[in-house]
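S.K.: Here it is, the structure, as structure tokens.
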Amino acid sequence: MSFIPGFNNTLDPKAQFYMELAGECATLLQGQRNAITNTANVSSLVYHRMLETPVCKEKPVNWVGFYLVNALKPNSLILGPFQGKPACTEIAFGKGVCGSAASRAESVVVKDVHEFPGHIACDSASKSEIVVPLVADDGKIHGVFDIDASKEDAFDDFDRIGLEAIARLVVEASDF
């Protein structure tokens, strides 16, 4: 992917990283419509690429994954594919960072998870978090894309814009 809307400075190393990563995700998603398969592969790719790239080395991720809308309880999220330590299995809409992003249908960037009201601590090593909702064109929420880091203030606007682009790719490529 050579361009992501929202990046004003495409020469920035972090913008370049996300443009390359989005391109890799697009390639990985080609020809596959299964949402579990796609979210599994994307969580693995993003986790490993974020750990390997120099632009994220100072603020390493420790969890990358998806929570998907629970078919049995449509106002809750259920743990989907992820990379990292075991996680909370169910989160109600409006609860914690993931539930807040799902209920608002907008990305939530948290510099310090201990300062976020109602934060759900699945892994005590997590210090900051970004959650991007998986929103269909019709506004329906399919889940969230959740990334945690072991240092505070790990995520910025470049991360938000890049991860929103990847989330859009997942939604467009998958049958939820």
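The values are calculated or read from the model by the stated rules, or taken from the named source; none is laboratory data. Just so it is clear, the model here is predicted, and its values are computed rather than measured. Positions of Cβ are generated from backbone atoms using ideal geometry, with glycine treated the same way; all protein chains shown enter the neighbour counts. Just the protein is used for accessible areas: all its heavy atoms, side chains included, with ligands, DNA and RNA removed. Shrake-Rupley method; radii C 1.70, N 1.55, O 1.52, S 1.80 Å.
S.K.: For the range 85-100, does any single residue satisfy the condition of being under 15 Å from VAL46 (Cβ atoms) and either modelled with pLDDT under 95 or open to solvent by less than 50 Å² (accessible area, probe 1.4 Å) (or both)?
M.R.: From the range 85-100, those under 15 Å from VAL46 (Cβ atoms) are none; that's our starting set.
No; the residues of the range 85-100 include none that is under 15 Å from VAL46 (Cβ atoms) and either modelled with pLDDT under 95 or open to solvent by less than 50 Å² (accessible area, probe 1.4 Å) (or both).
S.K.: Right, another one. Can you pull out every residue in the range 121-176 that is part of a strand (DSSP E or B), more than 17 Å from VAL110 (Cβ to Cβ) and either touching a Pro at 6+ places or on another chain (Cβ under 7 Å) or among the aromatic types (Phe, Trp, Tyr) (or both)?
M.R.: Of all residues in the range 121-176, those part of a strand (DSSP E or B) come to 128-135, 141-149, 175.
Narrowing further to those that are more than 17 Å from VAL110 (Cβ to Cβ): 134-135, 141-143, 175.
Matches in the range 121-176: ILE141 only.
S.K.: Consider only pairs whose beta carbons are under 7 Å apart and that are at least six residues apart or on different chains; among these, list those whose first residue lies in the range 89-104 and is free of Cβ contacts under 8 Å to residues at least 60 places away in the same chain and whose second residue is in a helix (DSSP H, G or I).
M.R.: Between residues of the range 89-104 that are free of Cβ contacts under 8 Å to residues at least 60 places away in the same chain and residues that are in a helix (DSSP H, G or I), the close pairs are ILE91/CYS98; ILE91/GLY99; ALA92/GLY99; PHE93/GLY99; PHE93/ALA102; PHE93/SER103; GLY94/SER100; GLY94/SER103.
S.K.: If I ask for residues that are farther than 15 Å from ASP153 by Cβ and buried (at least 19 other Cβ atoms within 10 Å of the Cβ), which ones from the range 101-128 would you list?
M.R.: ALA101, ALA102, SER107, CYS122
S.K.: Quick check on ILE147: is it surrounded by 14 or more Cβ atoms within 10 Å (Cβ to Cβ), closer than 18 Å to ARG160 by Cβ and touching a Gly at 6+ places or on another chain (Cβ under 9 Å)?
M.R.: On the way: surrounded by 14 or more Cβ atoms within 10 Å (Cβ to Cβ): yes; closer than 18 Å to ARG160 by Cβ: yes; touching a Gly at 6+ places or on another chain (Cβ under 9 Å): yes.
Against the criterion (surrounded by 14 or more Cβ atoms within 10 Å (Cβ to Cβ), closer than 18 Å to ARG160 by Cβ and touching a Gly at 6+ places or on another chain (Cβ under 9 Å)), ILE147 qualifies.
S.K.: For the range 21-61: of the residues being touching a Lys or Arg at 6+ places or on another chain (Cβ under 8 Å) and either farther than 28 Å from SER124 by Cα or at pLDDT 95 or above (or both), which is surrounded by the most Cβ atoms within 10 Å (Cβ to Cβ)?
M.R.: Checked the range 21-61; the qualifying residue surrounded by the most Cβ atoms within 10 Å (Cβ to Cβ) is LEU21.
S.K.: Let me ask another. How many of the residues making up the range 156-176 are farther than 13 Å from CYS25 by Cβ and open to solvent by 10 Å² or more (accessible area, probe 1.4 Å)? Steps first, please.
M.R.: Within the range 156-176, the first condition is being farther than 13 Å from CYS25 by Cβ, and the residues that meet it are 156-161, 175-176.
Filter again for open to solvent by 10 Å² or more (accessible area, probe 1.4 Å), leaving 156-158, 160-161, 175-176.
Looking only at that region, the number is 7.
S.K.: Name the one entry in ALA167, ALA173 that is under 11 Å from ALA101 (Cβ atoms) and at pLDDT 95 or above. Explain how you work it out, then say what you get.
M.R.: Values: ALA173 fails: under 11 Å from ALA101 (Cβ atoms).
Of the residues listed, the single one that is under 11 Å from ALA101 (Cβ atoms) and at pLDDT 95 or above is ALA167.
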